[in-house]
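Single-structure report; data block below.
The values are calculated or read from the model by the stated rules, or taken from the named source; none is laboratory data. Everything numeric in this text was worked out from a predicted model, so none of it was measured. Backbone-built Cβ (ideal geometry, glycine too); neighbour counts: all protein chains shown.
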Protein chains: 2
Amino acid sequence: MENFVYQNPTKLVFGKGTIAKVAELIPVESKVLMTYGGGSIKRNGVYEQVVRALKGRPLLEFGGIEPNPRYETLMKAVELCRREHVRFLLAVGGGSVLDGTKFIAVATFYDAGDPWDILSKHATPTRALPIGCVLTLPATGSESNPFAVISRESTCEKLAFSSPLVYPTFSIIDPETHYSLPRRQVQNGIADAFVHVMEQYLTYPANAPVQDRFAEAIARTLIEYGPKALRQPRNYNVRAAVALCSTLALNGLIGCGVPQDWTTHLIGHELTAFYGLDHGQTLVVLLPAVWRHQKRLKRKKLEQLAERVWDIKNAKDKAEAAIRQTEEFFRSALGMKTRLSEYGIGPEKFQQIAARFDARGQKLGEHKAIGAKQVVEILKLSL
Amino acid sequence: MENFVYQNPTKLVFGKGTIAKVAELIPVESKVLMTYGGGSIKRNGVYEQVVRALKGRPLLEFGGIEPNPRYETLMKAVELCRREHVRFLLAVGGGSVLDGTKFIAVATFYDAGDPWDILSKHATPTRALPIGCVLTLPATGSESNPFAVISRESTCEKLAFSSPLVYPTFSIIDPETHYSLPRRQVQNGIADAFVHVMEQYLTYPANAPVQDRFAEAIARTLIEYGPKALRQPRNYNVRAAVALCSTLALNGLIGCGVPQDWTTHLIGHELTAFYGLDHGQTLVVLLPAVWRHQKRLKRKKLEQLAERVWDIKNAKDKAEAAIRQTEEFFRSALGMKTRLSEYGIGPEKFQQIAARFDARGQKLGEHKAIGAKQVVEILKLSL
């Protein structure tokens, strides 16, 4: 097991009827900016619940944060925060709203240049507005981690940053608010959480038995309850199980002391930037391709996945069986496409995508051995 | 799943050679009181490492905190903290040192009466000295939770309190410092962690699938690595796995949104108070007795334990098989006694022990249905 440091300060407030608690979680005197997305929170009653809870408090709002939140949009909120002396950000929505809000939180105080440098040049933010969250879509784990992924339209980029300053101070997760989610968002969310687990698990054995078993625990629960959430959208316990899995998949815990991959995510971000695919869609297409490409190096963990998660006892090639079973889960149980060609995408831009990793001097994977050449090979395997 | 709130602010610093980091984790100007136990930290080099790391800092020390830390001893440290204006407590040791230090932390500022009221009358502390920890014995989970158990010699009591104020700000866990632990402490520690898991798991099905699987993950890892720690005391990865399991067993996570039991612990505390048995010894004797007594109500989870943790596929009475297998684990794999009679204890004081729960108006178990009469029955089953 590798050495690690782990601290997660976010207060999780989980369960039915918990949105009203937002009032006691935000300092009374703070001027709040509520951020949200395309307006689904106005249709499902969440907006109403939040506004009612904060009645009489100084409250501004900023809607219209896109899926794959854009720098261009977020900078307008930054301007608003500076002008109005906002003191607290309340993100009401899914991972995109939350990620965007994390960027607003640090960009508001960033005065050493363009805040985009935090993403493109790994500039370190030194101050952030405090963030609270009402999570309406379980998927990214952003409600309890220090990560955010931001897109920039003008340069066709999608990049990530991390800062302990942007852990939400609290996250309210009421699974009842997930009842009305569109099927596609539920599919994407389950796929995202599942792949988060795999990015931290499916590498090589590292003498971390309890982290392995925790990862397997989340994966098995998503496999059992993910499809149920699609079939029974108003089943509270099913929604609660999926929501908790999504948080646990990327709150840092299962990544303690183990090697991590993240190839699927990093290539996936490019597919979203180039083709506009949903984040979850990119992951489902890429994960099996990454595993096939890296099968020799990942064999032991693929076999462990076969045995402990997929209950495959007898197979000639257990590693291959695990990959097939995972593809089948995405395809049949979640009803998602697993090939780029199904989205009408061909190999035309693969070299251009791969060149970006070269340009950034970025090598991917737990061995840092996947470069531009291998990225093209992986993309071809996903056609 | 039940609603829950979860927040765990402790920073875990885990791994080889991490004790030196204590210097950067404590504010430079703070006057520190280092607390410890019977002096094992002077023999295994931990004392030396801490003192070296804090060289030049204002540092006092208070040794001699007993296993089952005593109110009478701790009040001497409280006096020292008040007199010397101590600003930071550094607990160096196992769960007893840490629990004792948690009491010192709140008692120092408690001026509404005798600090014992925090335990006996559930008085709420409103202020505490910050606590840091260098953990030398994995067992209680106290390094990452808000709980402490304190004994009072004059009244023969052993009581618990909980306050969010006493979460350690950091806990350093260097598994190499566990190499020299006496066999008995390792046995007790593994048993304690295992029973912590069971107190939160072995109740009734509660639609909490990922919490169940996390609990099973810790239990299985302890079953595999606990006996290895006894056989290979200097195997780093084994020690690391056991240490991480101990922390995860009682950092609050697996208890989120589920019913909890704690009968074994609460009767166990009385056995320690009356007979002086080690905490771990009491748990191993009582757990199977509690399960046998509550078998009808716990049947479903006992069967789940049989299938998922003990890999029992075919048994006439799966619940009974799970109990036997657990007893066998304590007895053969950990080498511990599983009967009170093996400690020369008979039923003479059972009524007196049970009467205490009556006197406190305390009912035990996940159904709050275990009273004095049932306590006597459970104790008889453990003879």
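Key figures for this structure:
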{"item": "Residue in the range A:206-220 that is within 15 Å of the chain's Cα centre (by Cα) and at positive phi present", "result": "no"}
{"item": "Boolean, residue A:237 is facing chain B (nearest Cβ under 7 Å) and within 30 Å of residue B:226 (Cα to Cα)", "result": "no"}
{"item": "Test: residue B:219 is within 13 Å of chain A (Cβ to nearest Cβ), among the small types (Gly, Ala, Ser) and touching an Asp or Glu at 6+ places or on another chain (Cβ under 9 Å)", "result": "no"}
{"item": "Every residue from the range A:250-265 that is away from every other protein chain (no Cβ under 13 Å) and touching a Ser or Thr at 6+ places or on another chain (Cβ under 6 Å)", "result": "A:259, A:261"}
{"item": "3 or more residues buried (at least 17 other Cβ atoms within 10 Å of the Cβ) and free of Cβ contacts under 8 Å to residues at least 24 places away in the same chain: qualifying helices (runs of 4 or more DSSP H) within the range A:308-383", "result": "A:318-328"}
{"item": "Any hit, the range A:103-118, residues being in a loop (DSSP other than H, G, I, E, B), at pLDDT 95 or above and of a type in the set (D, E, K, R)", "result": "yes"}
{"item": "Condition met for residue A:229 (away from chain B (no Cβ under 11 Å), crowded, with 24+ Cβ neighbours inside 10 Å and farther than 17 Å from residue A:96 by Cα)", "result": "yes"}
{"item": "Single match in A:194, A:170, A:147 (criterion: of a type in the set (Phe, Trp, Tyr), touching a strand residue (DSSP E or B) at 6+ places or on another chain (Cβ under 8 Å) and under 16 Å from residue A:279 (Cβ atoms))", "result": "A:147"}
{"item": "Residue selected from the range B:82-99 under the condition in a helix (DSSP H, G or I) and within 20 Å of residue B:164 (Cβ to Cβ), by the criterion nearest to the chain's Cα centre (by Cα)", "result": "B:95"}
{"item": "Some residue of the range A:302-312 being within 21 Å of residue A:213 (Cα to Cα) and touching a Phe, Trp or Tyr at 6+ places or on another chain (Cβ under 7 Å)", "result": "yes"}
{"item": "Positions within the range A:275-288 being in a helix (DSSP H, G or I) and surrounded by fewer than 24 Cβ atoms within 10 Å (Cβ to Cβ), in sequence order", "result": "A:275, A:288"}
{"item": "Single match in A:247, A:272 (criterion: within 14 Å of another protein chain (Cβ to nearest Cβ), touching a strand residue (DSSP E or B) at 6+ places or on another chain (Cβ under 8 Å) and not hydrophobic (A, V, I, L, M, F, W, C))", "result": "A:247"}
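The rows are residues; the columns are (1) of a type in the set (A, V, I, L, M); (2) more than 28 Å from residue B:89 (Cβ to Cβ); (3) within 10 Å of chain A (Cβ to nearest Cβ).
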| position | (1), (2), (3) |
| --- | --- |
| B:145 | no, no, no |
| B:174 | no, no, yes |
| B:180 | no, no, no |
| B:185 | no, no, no |
| B:189 | no, no, no |
| B:199 | no, no, no |
| B:209 | no, yes, yes |
| B:225 | no, yes, yes |
